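Below: one structure, written as structure tokens.
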Amino acid sequence: MVRKNRGYITLFLLPTVALFILVYAVSLVILFGTSFTEWSAGRSPKFIGLTNYIQLFTDDADFRQSALNTGIWVVLQSTIHVAIGTIFAIILSMKEFYWKFARTVYMFPNIISGAAVGMLFLCMLNPDFGAVNSIARLFGNADFSQNWFMDYATAFFSVTMTWLPYAAVVTILILAEIAAIPESLYESARIDGASTLKINLYIVIPMLRNIIGTCVILSGTSMLQKMDIILMTTGGGPGNETMNLPIYIYKTALMDNNFGYSNSVGVFLIGFGLIFVLLCRNLFRIGSSQH
């Protein structure tokens, strides 16, 4: 059957392969090639060997801070974010009277654009009229005024909280996987006297290994492209306190007009993402049997 339909399969794959080559493969080759050049708008790329990479790792404090921030956010998103979504999914899977309402409400932050979420938090954390400062003044110091996004002590935490707790996508993926677990497993466990906690710990969670691994990859890699909320709230500041690699690439290329150097950062970012995905695949043994 496969041989008989090989022509049709090839025909239907051609547009996808062509788009991949034109949009991704060619772009990756250009990105990698120009990362070894001095290149700015209005000038042709000039080959300079490993100069960009040497400067990147030896003489660029902004890059090191951006890479550190990106790494921290990847770890937080891969652990705490996924854990929140998994726990919430397990609670909702019990289908108590509130589960449909809670599932709908929890999804709201994920259907709003990043720019809108950024504006929402800018208003909530505004030092003059924001809800957080107003509540603090109401129940504490009447003169309390904290600039959450522009204070070095609170900026990183404030930006992180604009996305870390909102794991509705993880929750939905986990819920779908829980729904596929055979009811007979639950019944056998209950007959043996297992409590709900033990059923979740020893049956449900082990059966979720593949999907949890997938969620870790999706959540972690989402931090490798996070820009909108950071640009709306802090712009990477104060200083470079909340700057990540995508913001640094954007500023280096479009504000400093240094495309060759920004492309070397882009190569590092791609390598970082590939290593992260491979580590997660091996750690969770994604695709292997769960028995």
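The values are calculated or read from the model by the stated rules, or taken from the named source; none is laboratory data. Please read these numbers as outputs of a predicted model, since none were measured by experiment. For neighbour counting, all protein chains shown are included, and Cβ atoms are generated from backbone atoms with ideal geometry for every residue, glycine included. The accessibility values were calculated without ligands, DNA or RNA, using every heavy atom of the protein model including side chains. Shrake-Rupley method; radii C 1.70, N 1.55, O 1.52, S 1.80 Å.
Could you work out the relative contact order of region 80-284? I mean the mean sequence separation of Cα pairs under 8 Å and 6+ apart, divided by the number of residues, in percent.
25 percent
Which residue, chosen from Gly287, Ile247, Ser44, occupies the Cα position most advanced towards the positive end of the dipole of the chain, where the dipole is computed from +1 (Lys, Arg) and -1 (Asp, Glu) charges on Cβ about the Cα centre?
Gly287
Got a sec? Which residues in region 203-233 would a label at Met124 touch, if it sits 7 Å along Cα→Cβ and we count backbone N under 15 Å?
Under cut-off, by backbone N: 229-230, 233.
Cβ neighbours within 10 Å, averaged per peptide: list 139-147, 66-74, 276-284, 152-160 in order, most packed at the top.
66-74, 152-160, 276-284, 139-147
What is the list of residues in region 185-213 whose amide nitrogen lies under 20 Å from a point 7 angstrom out from the Cα of Glu96, following Cα to Cβ?
Counting only backbone N, you get 195-202, 204-205.
Between Asp62 and Asn141, take the C-beta separation as r, use R0 = 45 Å, and let me know the FRET efficiency to the nearest 0.05.
0.80
Using a Gaussian network model on the chain with a 10 Å cutoff between Cα atoms, which of Val132, Val265, Val169 fluctuates the most?
Looking only at Val132, Val265, Val169, the largest GNM fluctuation is found for Val132.
Where q = 0.12, 0.15 Å⁻¹, what log10 of I(q)/I(0) comes from the Debye formula for the chain, counting one point per Cα?
Each listed q corresponds, in turn, to -0.99, -1.23.
With the crude spin-label approximation of a point 7 Å out along Cα→Cβ, what separation in nm comes out for Met227 versus Ser134?
3.4 nm
R0 = 25 Å: FRET efficiency of Phe12 with Ile275, Cβ-based, nearest 0.05?
0.15
Could you go through region 87-92 in sequence order and give the Karplus-derived ³J(HN,Hα) for each residue, using 6.51 cos²θ - 1.76 cosθ + 1.60 with θ = phi - 60°, rounded to whole Hz, and x for Gly and Pro?
4, 5, 5, 5, 5, 5
How much accessible surface area, in Å² rounded to 10, belongs to the heavy atoms of Lys100 with a 1.4 Å probe?
Accessible area of Lys100: about 120 Å².
Compute a Gaussian network model of the chain, connecting alpha carbons closer than 10 Å, and tell me which residue from Ile211, Ile181, Ile270 fluctuates the most.
Comparing Ile211, Ile181, Ile270 in the GNM, the peak value goes to Ile181.
Points 7 angstrom from Cα along the Cβ direction at Arg285 and Asn257: gap in nanometres?
Taking the simple label geometry, Arg285 and Asn257 are separated by 5.6 nm.
Pull up the cross-link candidates among the lysines for Lys226, meaning alpha carbon to alpha carbon under 30 Å and not fewer than 8 places away within one chain.
Lys100, Lys251
Arrange the residues Phe121, Phe129, Phe272 by how much accessible surface each exposes, largest first, with a 1.4 angstrom probe.
Phe129, Phe272, Phe121
Per-residue HN-Hα couplings for region 160-170, Karplus 6.51 cos²θ - 1.76 cosθ + 1.60 at θ = phi - 60°, whole Hz, x for Gly and Pro?
4, 6, 6, 9, 4, x, 9, 10, 5, 5, 4
Quick one: accessible area per residue over the chain, 1.4 Å probe, rounded to a whole number of Å²?
58 Å²
Assign unit charges at the C-beta atoms only (+1 for Lys and Arg, -1 for Asp and Glu), then state the dipole size of the chain relative to its Cα centre in Debye, rounded to the nearest 20.
The dipole magnitude comes to about 1120 debye.
Can you list the HN-Hα couplings for region 242-247, worked out from phi with the Karplus curve (6.51, -1.76, 1.60; θ = phi - 60°), rounded to whole Hz and with x for Gly and Pro?
The phi angles translate into 10, 7, 10, 5, x, 5 Hz.
For Thr37, enumerate residues with amide H under 5 Å from its amide H, sequence gap 5+ or separate chain, H modeled in the peptide plane.
Counting only residues 5 or more places away or on other chains, the set is Ile48.
What would the Debye formula give as log10 I(q)/I(0) at q = 0.14, 0.17, 0.19, 0.21 Å⁻¹ for the alpha-carbon point model of region 185-276, no solvent?
-0.65, -0.79, -0.90, -1.02
Taking all protein chains together and a probe of 1.4 Å, list Arg43, Arg103 from the most accessible to the least accessible.
Of Arg43, Arg103, the descending order of accessible area is Arg43, Arg103.
Arrange the residues Asp192, Asp60 by how much accessible surface each exposes, largest first, with a 1.4 angstrom probe.
These residues rank, largest area first, as Asp192, Asp60.
Near Lys198, which lysines are there with a Cα under 24 Å away, not counting those fewer than 8 places off in the same chain?
Lys95
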